[in-house]
Amino acid sequence: MGAWLAFGLIAVVLLGAAAMVVTSRDLVRGVLWLAVALLTTAVAYVVLHADFLAAAQVLLYTGGVVTLMLFAVMLTRRLSGARVLVERGQGGARGPVVAVLLFALLATTLLRAPPLVSGSVAMPADTQALGALILTDLVLPFELLGVLLLAAMVGAIVLARTDGPPRKIPRLPSRLPPERQP
Amino acid sequence: MIENPWLHGLVLGLVVVAVVMGVAAFSIWYERKFAGLLQNRPGPTEVGPWGLGQLIADAIKLLQKEQIVPAAADRPLFLLAPLLVLTAALVPLAVIPWGPGLVGADLHVGVLFALAASSLMLFPVWMAGWASNNKYALLGGMRSVAQGISYEIPLLLSATVPIVLAQSFRLGDIVAAQEGLRWFALWPPGPGTLAFGLFMATALAEANRIPFDIPEAESELVAGVTVEYTGMNFGMFYLAEYLHTFIASALGAALFLGGWDMGPLGAGLHWMVLKTLVLFAGIFWVRWSLLRLRSDQLMELCWRWLVPGSLLLVMAAALWVHLT
């Protein structure tokens, strides 16, 4: 009963926040709603006894990804003036089609997976076992992820760098020139 | 303690929040006196003995002031931001162990929880900067996000060192692993000590304090994100900053200085409080001794020195655990 109540509450907040993300006209509001949605996902993990996953979710998604999005918003407009509005009706049917396909993919994967343990079983949330698993059986996907992130970083540097000699950051003299010393 | 875990958590939580809020508020008086001492001036003297009543006078003043919302501000976000800042600052208190059994929730991912929760403080700060619709506030918010996201990496990595040494995320286990004065700040000598220094330095950066306070550099940004806030809305930002610093000190004491345990001198709440207050005073000392770093120096220090350095420390700690 308690678990269902928690699930219902989380589902309502999560879906509501997610709907606000896509319907919000103001880009900044949209990003902040996304933060709410991601935090609610972390709460869902806690209810499923995946505490480590919840902490990682908050650190990486809410703390990292959303912050980067805020950064992107800041870099796309001048530092004052009107709100950043989301342009509507540019993608045609592409958005809904991708969303439906993604949902179908996730749903079929989840339906094929072994059923979740029902009830309030206190699963031994063993972070040590998780770490050992990542470095033994799952080491290949782990390393592949590392390569992927490295490639993304190299790509970002290539995009950001300009040709020509690197721009020097002017350095202030460590002390005042002699004639200006009091 | 109390048998019912819900009641235990609730009572302990309320007591801890009340006491810590009081201490954080009181520390504003202490910092001003301390600064006066360092700078050869008296500090607050007028209200009450040694100016002790200054704090109460300030609080009454802040509570009386009008709450001004700028016409061009994003009203809901503007009003929500100070509440969220204070909330995010208070959340990590839940997992800090004040004594044996004296902890709100001894989560098995306690350290991660505390750091993840305190990283959430960045959002409301940025929100305040954005919603104020003021250039200084926005620049302050932007700087604080840039600084926060950069310094979070060495902060997490330096907190990983005690996790590796104690082989647990649970703050209670980490304190227990340091029993008998085997503090991680002292033993093993290399990684532990350096990680302690790094943790405190990056915690300063996370709390936006000198030498890492460019988000609110008063000489260039007036007051950063708080520039448009008045009355108690401003007071909440101020209080959250002190709370954040206090909680960082408490985490430092639990992670590196053995928490509530003091070896042959016994164990208890008082040692944890003492260690926290010593670290807290150390942070004030730093504030009134050092200069502010420039923006580019700040980023260079973080990405070129602290991030690789903290990675090396984690590796050294892992090697130590492997060899012993």
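At 1.4 Å probe size, with every protein chain present, just tell me what the per residue accessible area of segment A:1-84 comes to in Å². List each step's numbers first, then the result.
Details: 4650 Å² over 84 residues.
About 55 Å² of surface per residue is accessible.
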* Asked: Per 20 Å bin from zero, what fraction in whole % of the C-alpha pairs of segment B:5-323 is there, up to the bin with the longest pair?
  -> 31, 59, 10, 0
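Total Å² of accessible surface buried at the B-A contact, 1.4 Å probe, nearest 100?
Numbers: alone 15630 and 15650 Å², together 28480 Å².
The contact between A and B buries close to 2800 Å².
For B:Glu179 and B:Ile60, FRET efficiency with R0 = 35 Å and r from the beta-carbon atoms, rounded to 0.05?
On the way: r = 45 Å, r/R0 = 1.30.
The pair B:Ile60/B:Glu179 has a calculated efficiency of 0.15.
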* By the gyration tensor of its Cα atoms, with a ≥ b ≥ c the square roots of the eigenvalues, what is the shape of segment B:201-324: rounded for a/c under 1.5, prolate for a/b over b/c, or oblate? -> oblate
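For a protection proxy built on the mean count of beta-carbon atoms within 10 angstrom, sort B:188-201, B:146-159, B:21-34 highest first, please.
Numbers: B:188-201: 19.8, B:146-159: 22.7, B:21-34: 17.6.
Final packing ranking: B:146-159, B:188-201, B:21-34.
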* To do: Please determine, in degrees from 0 to 90 and to the nearest 10, the orientation of helix B:122-131 with respect to the longest principal axis defined by the Cα atoms of chain B, where the helix direction is its Cα long axis.
  => 10 degrees
* Structure fact -> If one compares the long axis through the Cα atoms of helix B:75-90 with the longest principal axis of the Cα atoms of chain B, the angle in degrees, nearest 10, works out at 30 degrees
* Considering only protein heavy atoms and a 1.4 Å probe, what is the carbon-and-sulfur percentage of the accessible area of segment B:92-229? -> 64 percent
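Going by the alpha-carbon gyration tensor, a ≥ b ≥ c the square roots of its eigenvalues, is the protein assembly as shown rounded (a/c under 1.5) or, if a/c is not under 1.5, prolate (a/b greater than b/c) versus oblate? Don't skip to the end; give the middle numbers.
Values: a/c = 1.32, a/b = 1.11, b/c = 1.19.
Rounded, since a/c falls under 1.5.
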* Listed peptides B:231-243, A:36-48 by packing density, highest first (mean Cβ within 10 Å) -> B:231-243, A:36-48
* Roll a 1.4 Å probe over the protein chains and send me the accessible area per residue for segment B:141-194 in Å². => 34 Å²
* **Segments B:86-99, A:144-157, B:40-53 sorted - mean Cβ within 10 Å per residue, highest first** => B:86-99, B:40-53, A:144-157
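Around B:Gln178, what is the net charge, scoring Lys/Arg as +1 and Asp/Glu as -1 over all other residues with Cβ under 15 Å from its Cβ?
Working: positive: B:Arg170, B:Arg182, B:Lys275; negative: B:Asp173, B:Glu179, B:Asp261.
Result for the neighbourhood of B:Gln178: 0.
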* Rounded to the nearest 0.05, what FRET efficiency do B:Leu37 and A:Ala72 have when you use their Cβ-Cβ distance and R0 = 56 Å? -> 0.75
* Asked: What accessible area per residue, rounded to a whole number of Å², is obtained for segment B:1-128 using a probe radius of 1.4 Å?
  -> 51 Å²
* To do: Take every residue in peptide A:21-29, count the Cβ atoms of other chains within 10 Å of its Cβ, and give the average of those counts.
  => 1
* **Drop in accessible area of at least 40 Å² in the complex versus isolated chain, residues of segment B:91-132, 1.4 Å probe** => B:His108, B:Val109, B:Leu112, B:Ala116, B:Leu120, B:Phe123, B:Trp126, B:Trp130
* Structure fact -> 1/(1 + (r/R0)^6) with r = Cβ-Cβ of B:Trp6 and B:Leu83, R0 = 30 Å, i.e. FRET efficiency to nearest 0.05, evaluates to 0.75
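Net charge within 14 Å of B:Met200 by Cβ-Cβ distance, Lys/Arg positive one each and Asp/Glu negative one each, not counting B:Met200 itself?
On the way: positive: B:Arg209, B:Lys275, B:Arg287; negative: B:Glu206.
Once positives and negatives cancel, what remains is +2.
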* Asked: Which angle between 0 and 90 degrees, to the nearest 10, do you get for helix B:307-323 versus the longest principal axis of chain B when only C-alpha atoms count?
  -> 20 degrees
* To do: Determine, for the protein assembly as shown, the count of lysine pairs separated by eight or more sequence positions (or lying on different chains) whose alpha-carbon distance falls under 29 Å.
  => 6
* Report the percentage of all Cα-Cα pairs in segment A:1-84 whose separation exceeds 17 Å, rounded to a whole percent. => 53 percent
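The values are calculated or read from the model by the stated rules, or taken from the named source; none is laboratory data. This structure is a prediction, so every number in the text was calculated from the model and none was measured. Glycine also receives a Cβ, built like all others from the backbone with ideal geometry; neighbour counts cover every protein chain displayed. Each accessible area value is taken on the protein alone, full model and side chains, heavy atoms only, with ligands, DNA and RNA left out. Shrake-Rupley method; radii C 1.70, N 1.55, O 1.52, S 1.80 Å.
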